[in-house]
Structures are given as C-alpha cells and as structure tokens.
Amino acid sequence: MHTRRSAPRGPTPAGLSFPRGWDLMDTRRGRRLRAAAALVVAAFATLVAAPAAVAAPVPAAVPAALPAVLPGEELNELVEPSIVHLTIAWNGYVRFPSDEGWVWSDPIDVAYGCSGFFVTETGHVMTAGHCVEPDSGKEEVIKAFLQSQVDLGVLTPEDAGALLPGALLDWPVEGRGAGAPMDRVIQAVQPRAVEGAVLDQPLNAQLIDFRSFDEGDLALLKVETTGAVPIPVADADPRSGSPLTAVGFPGAVGQVVDVNLVRASFKTGTVSSTQVSASGVAQTEVNADMSGGMSGGPTVDGVGNVLGVNSFRINGETQAFNFITDTTDLSEWLGAKNLQLPQLRTAPVATPAGTRPPRPRSRASPGSRCGSGSSSPPASSRWRPP
C-alpha cells in the first residue's frame, strides 16, 4: 500500500488526558461487549392475613411466605450505588509497512468505556478482563491508526478493513520506548445523582489482576476510596429459567442524554443455558438485552447477588443471545484475593414501607487458586459497540 511516512516517535506527555466532556459510554466500533448486565424482576405477590372469626380469640400471627425476589424498583435501588463507569485510555505507536519500509506512526490515543461494580467497601472493582487486557488496547490502537489513514485519504474504508486482520497479527504496537508496553490509564466514576455513590469525580484505578477473555474474562481493579457499597457474589450457579437483571452503561444511551447525568440501565431476563467455550471456560447464556458499554457490569439474581460479569454476545443474532461469566468461576477467582467480601443477600424480610433492606456485612473470602492471562478473544466472538 502507499502511505505517507510518519514522524519518528517523540516524547509522550507525562499523563494521558481525556477529551473534554469524555463519554461515559463505550462508543467503540467492533464486536466486543465492553459492558453488559441485567437484573431480572420476578413476580412479587403481596400477602394478606386471613380475618379472625367473630367473637373468637385472635390467633398468633403466622409469618407469611417470603417472596423469592425483590420488587424491581427496590432491586435497582439496592444495586445502583455499586455500579461504576470505567474509561480505559491507551497510548501507543504502530509499526507499519510503507513504500520506504517499516516505519513507526505518530502516537495514537484511544479511549473506550466499560462498566464495573464494587465488591468491597474499600474500593475493589470487578470488570471484564477484555476491557483492560493489552491485546484489547493493541487492537483498538491499530484500528484508530487505520481510521486515521482513511481520514487522510491514504486508504479507503475497504482497504483498511482488508488490512486489519493481518495488522493485528503482524504489526507491533509499543509504548514510548523500544519494546515498552503501551501506556494505559483506567479511570472510575459514578453518576452524582445516585444516592450512596462515592466516586463523584473520576479517580485512577489500579489493575490488580485479570484473566483474558479466553481464560474467563475477569479483572479486579482498586480505587482509593472508602464507604463503597459492594455487591455479594452468589455461591452457586443459577438454574435454567432463573430470573436475573443485567446492569451497565450502554453506549447508545450516552448519545442521547447528558453524559454527566447518565444512569446505569437495568435489563431483565432469565438464564437460558450453561455452556463451555472452545478453550474450556464455563459461561452462562442469558436472554436479557445488552448493548455495547455494558461489558464488565454485573448480572444479578432477584435479591442482588452477582451471577456473573457481562461478557459478550454472538454477532448477527437478532434476538437476545448474550453471555456472562460463570458464577462459580467468579466466586472462586475473587475468593483467592483475600478480600473482605460482603455476605450473600437472601430473600427479603418484611420491612416497613419506604425503608431499604439492610446493607450486607463483610465476610472473609476463602482461599482458592486463580490464574491470569493476556490472550485476546477471537474477533468473531466479542461484542463491541458500534
């Protein structure tokens, strides 16, 4: 191909800056679901005590059967203070072939959004592994570079599309020094209007550990805050047909509302099946609607326990055909981190109207082996927003 020769790599600014009015949604092109989550609202039956017979002693009240799930509005209010919006920014240089041989591009900056959720009161945040893994950053930097060549008129959109598969395999992407990794900045924030939110301003997040998409699609971050509202992780896999709700920040919503006021979306559905990927990773199929930007958010059961992390969907499907990470895998991986995790939530008890369920207390997490990785999921299996 014919391309202009780019200037050699120069010094990179000390920090990465976000565009003014940075988007709280994931606006990237492609197939990866950089965020998804859905909370299902099951039917709630009110219970009425039977009247006593006339002139007969009033019998002791018999506790009515507890509902299996919280009403939808209460469930959403319980979960929303735990939901976090993440912005992941990358800075790198692409080495590409030109008429004069292999040359380095100018620095390429790219940023996208994911969702996450607190799992401790002290600022530990779960999200999807593909949101933060270097292979994802490399892919987005190369895409941004090719798009810049289209904008300059050097390539046509068709040329760029044809070059992409080979570029992902063969074109190196590095940081500011030879062989250095790309610069990555992760920031976390919550909508200011949410009662109980603790991140009213963006804060940098540290990556503690992650598993790549092929190894389970999990990541643990840490922000410097206290008083966060964590969500418990369920201790057993859900059954087919179980109600659930997926939660996250859809990118499409950010296109029609003020990004500074946007709230998380709640999408209800049920468990469709449990599956195992080609790499041997267990996954849960759900029929809750999800869209780009919701990757990394939680899918919770009817009382607010996390069933899995929003991961991906199958491209080309017109019906809800989405996947979250496996419940047991998430519980064991997170349990190995020696964190103070909240206790499981159970079926709601009777409380006076207008009061909220009690905040869960912390529990020590059990030890368990866990792994991490950096391989990138196949392009055909990820869901990224348009």
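Any read-out appearing in this document is the output of simple, stated calculations on the displayed coordinates, not a laboratory observation. Given the structure is predicted, the values throughout are model-derived calculations rather than measurements. Because the Cβ atoms are built from the backbone with ideal geometry, glycine has one as well, and the counts that use them run over all protein chains shown.
Remarks
- Summarising the label geometry, the points placed 7 Å from Cα in the beta-carbon direction at Gln343 and Ala162 lie 6.4 nm from one another.
- Vicinal HN-Hα couplings computed from phi for the range 328-340 (Karplus, 6.51 cos²θ - 1.76 cosθ + 1.60; Hz; Gly/Pro x): 5, 4, 4, 4, 6, 5, 5, x, 6, 8, 6, 9, 8
- For the range 170-184, 3J(HN,Hα) computed residue by residue from phi via the Karplus equation (6.51, -1.76, 1.60; θ = phi - 60°) reads 10, 8, x, 10, 10, x, 6, x, 4, x, 7, x, 4, 6, 10 Hz, glycine and proline entered as x.
- The calculated Kirkwood hydrodynamic radius for the range 78-212 is 16.6 Å, given to one decimal from all distinct C-alpha pairs.
- Hull volume in cubic angstrom per residue (convex hull over the Cα atoms of the range 282-324): 71 Å³
- Residues whose amide H comes within less than 5 Å of that of Leu199, counting only those at least five positions distant or on another chain, are Gln190 (H built at 1.01 Å from N in the peptide plane).
- Estimated FRET transfer efficiency (Leu152, Thr328; beta-carbon r; R0 45 Å; 0.05): 0.35
- Cα point-scatterer Debye curve for the range 173-312, base-10 log of I(q)/I(0) at q = 0.16 Å⁻¹: -1.03
- Sorted into 5 angstrom bins from 0, the C-alpha pair distances of the range 138-233 split as 2, 10, 12, 14, 16, 13, 11, 11, 7, 3, 0 percent.
- Spin-label pair Leu207/Arg239, simplified geometry with 7 Å Cα→Cβ offset, distance in nm: 4.0 nm
- Residues Thr274 and Ser98, FRET efficiency given R0 of 51 Å [Cβ-Cβ distance, rounded to 0.05]: 0.55
- Cα-based reach from Lys337 at 17 Å (exclusive), listing lysines while leaving out same-chain residues under 8 positions away: Lys222
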